[in-house]
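Below is one structure, written out as structure tokens, with a few remarks after it.
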Amino acid sequence: MANSELQIAKDKLLKNGYLDIDVDPQLDLEKEIIKLKKRKNAVILAHYYQESEIQDIADYIGDSLGLSQQAASTKADMIVFAGVHFMAETAKILSPQKKVVLPDLKAGCSLADSCPAELFKKFKEKYPDHLVVSYINCSAELKTLTDICCTSTNAVHVIQSIDKNRGIIFAPDKNLGQYLIKKTGRELILWNGACMVHEIFSHEKIVKLQIDYPNAEFIAHPECEQHILARADFIGSTTGLLNYTKRSNSKEFIVATESGILHQMQIHSPEKVFIPAPPNNTCACNDCPHMKRNTLEKLYLALKYEEPEIILSDFVLEKGRRCIDKMLEISKAAGL
Ligand code: 13P
Ligand code: SF4
């Protein structure tokens with residue numbers, strides 16, 4: 001490819017979000033990705049909500065906690081993060097000396113976007129004695145205003161690690177926050193944010209589906225609304241849900257979370273049936289449009305040209321790290 005073509009693609013990166021370069025349709029992308037990965041000592045970390053073809057080529061597939069632990073411990077020189085922007089930022093904060101690339105910079109997150117740092121700063125000022133616990137699904141800037149981070153796997157442990165007399169602000173997910181209030185008995189001041197994927201489930205359609213599948217277990221992610229969680233036989237993080245389907249004796253599951261996880265559930269339990277919980281719209285699936293912006297082609301280009309790269313200021317790298325390190329410490333102590 002001509003250098004000028006590459007330069008034009010790089011110049012347009014911020015506008016497009018990804019390197020808009022034609023990929024030869026004859027190319028065996030999987031093979032090329034494996035070759036490039038070896039040559040560059042790169043590692044591909046993928047969230048469970050990625051397309052199955054990306055999951056199949058990843059070195060590690062996991063939920064937000066597992067991905068953070070991998071990002072902190074990898075020996076690779078470059079991390080190709082197949083997930084969304086806040087996850088790639090977290091990887092950069094944990095491994096600042098490594099190059100971190102995200103196949104599409106526009107792979108954002110409605111939950112992270114629901115809590116702009118400048119507004120949160122004003123909110124926080126109203127509770128000067130409170131500790132801030134933020135769900136990892138937030139911007140790196142918000143992490144600089146946070147005392148302890150958490151993911152859906154360790155959120156209960158994080159809240160329980162805080163002195164009972166200390167007030168806590170929990171941001172940005174009000175649904176996970178309400179779940180934590182119920183689970184831990186603590187009072188939390190909640191930011192009013194939510195995930196567009198986990199708020200879309202239809203109570204009515206789930207009830208109908210449970211009538212059609214009377215033996216199916218209904219399992220849900222704690223980002224779902226309370227009336228959906230109230231119906232659930234099991235509530236857990238993405239990894240928690242996957243592990244539950246492996247150990248449960250049930251043969252059928254109705255799954256209320258992003259549909260990407262069904263790929264791993266089916267791989268681990270091929271004899272079981274997994275039904276995505278129906279959303280409140282005409283679409284039959286629960287895809288996260290942000291997660292699904294990443295494609296195998298974009299991943300190949302990101303690995304080849306080492307762009308789009310995640311760049312953070314020294315202030316954010318340093319100040320944003322403390323709350324993540326604290327979270328990892330608590331998780332380690334809890335054996336997570
Ligand atoms: P976990 O990866 O912690 O299950 O969170 C799910 C999610 O919404 C990630 O964006
Ligand atoms: Fe954000 Fe929800 Fe998508 Fe996760 S599933 S990246 S929380 S919008």
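Every read-out reported here was derived from the displayed coordinates using simple, explicitly stated rules and does not represent laboratory data. Just so you know, these numbers come straight off a predicted model, no measurement behind them. Positions of Cβ are generated from backbone atoms using ideal geometry, with glycine treated the same way; all protein chains shown enter the neighbour counts.
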> Which one of these is free of Cβ contacts under 8 Å to residues at least 24 places away in the same chain, touching a Lys or Arg at 6+ places or on another chain (Cβ under 9 Å) and more than 14 Å from ligand 2 (Cβ to nearest atom): GLU204, GLU271?
Replying inline: GLU271
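If I filter region 207-218 for residues that are away from ligand 1 (no atom under 16 Å from the Cβ) and within 21 Å of SER134 (Cβ to Cβ), do I get at least one hit? First the steps, then the outcome.
Narrowing region 207-218 to residues away from ligand 1 (no atom under 16 Å from the Cβ): 207-218.
Checking which are within 21 Å of SER134 (Cβ to Cβ) leaves us with none.
Checking region 207-218: not a single residue is away from ligand 1 (no atom under 16 Å from the Cβ) and within 21 Å of SER134 (Cβ to Cβ).
Looking only at region 75-87, filter to residues that are more than 12 Å from ligand 1 (Cβ to nearest atom) and in contact with a helix residue (DSSP H, G or I) (Cβ under 9 Å, 6 or more places away or on another chain); which one of those is farthest from GLU309 (Cα to Cα)? Let's see the steps before the verdict.
Of all residues in region 75-87, those more than 12 Å from ligand 1 (Cβ to nearest atom) come to 75-82.
Filter once more, so that each one left must be in contact with a helix residue (DSSP H, G or I) (Cβ under 9 Å, 6 or more places away or on another chain): 76-82.
On the way: ALA76: 16, ASP77: 13, MET78: 10, ILE79: 10, VAL80: 9, PHE81: 10, ALA82: 13 Å.
Top of the filtered list is ALA76.
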> Does region 205-216 contain any residue that is over 22 Å from ILE181 (Cα atoms), among the β-branched types (Val, Ile, Thr) and in contact with a helix residue (DSSP H, G or I) (Cβ under 9 Å, 6 or more places away or on another chain)?
Replying inline: yes
>> I'm checking my understanding of the structure. Among residues of region 185-210 that are under 13 Å from THR257 (Cα atoms) and in contact with a strand residue (DSSP E or B) (Cβ under 9 Å, 6 or more places away or on another chain), which one is surrounded by the most Cβ atoms within 10 Å (Cβ to Cβ)?
In response: HIS198
> Considering only residues of region 147-176 that are among the polar types (S, T, N, Q) and within 16 Å of ligand 1 (Cβ to nearest atom), which is surrounded by the most Cβ atoms within 10 Å (Cβ to Cβ)?
Replying inline: SER152
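From the list LEU299, LEU262, LEU303, exactly one residue is within 16 Å of ligand 1 (Cβ to nearest atom) and surrounded by 21 or more Cβ atoms within 10 Å (Cβ to Cβ). Which is it? Break it down stepwise before answering.
Values: LEU299 fails: within 16 Å of ligand 1 (Cβ to nearest atom); LEU303 fails: within 16 Å of ligand 1 (Cβ to nearest atom).
Residue meeting the stated conditions: LEU262.
Anything in region 152-172 that is basic (Lys, Arg) and within 10 Å of LEU131 (Cα to Cα)? List them, or say none. Step through it out loud before you land on a result.
Of the residues in region 152-172, the ones basic (Lys, Arg) are 164, 166.
Listed by number, the list holds a single entry, ARG166.
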> In region 92-119, what residues are within 16 Å of ligand 1 (Cβ to nearest atom), surrounded by fewer than 22 Cβ atoms within 10 Å (Cβ to Cβ) and acidic (Asp, Glu)?
Replying inline: ASP113
>> Out of the residues in region 177-206 meeting the condition of being of a type in the set (Ser, Thr, Tyr) and more than 16 Å from ligand 1 (Cβ to nearest atom), tell me which one is farthest from ASP233 (Cα to Cα).
In response: THR184
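Before we move on, is ALA46 surrounded by 13 or more Cβ atoms within 10 Å (Cβ to Cβ) and away from ligand 1 (no atom under 13 Å from the Cβ)?
Details: surrounded by 13 or more Cβ atoms within 10 Å (Cβ to Cβ): yes; away from ligand 1 (no atom under 13 Å from the Cβ): no.
The answer is no for ALA46.
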> Could you give every pair whose Cβ atoms fall below 8 Å, whose first residue belongs to region 224-252 and is among the hydroxyl-bearing types (Ser, Thr, Tyr), and whose second residue is assigned to a loop (DSSP other than H, G, I, E, B) and away from ligand 2 (no atom under 16 Å from the Cβ), counting only separations of at least 6 or pairs across chains?
Replying inline: THR245/SER269; THR245/LYS272; SER250/ASN215; SER250/ALA216; SER250/LYS272
> Looking at region 27-115, what strands (runs of 3 or more DSSP E) fall wholly within it and have at least 1 residues that are within 15 Å of ligand 2 (Cβ to nearest atom) and in contact (Cβ under 8 Å) with a residue 60 or more places away in the chain?
Replying inline: 42-47, 60-62, 78-82
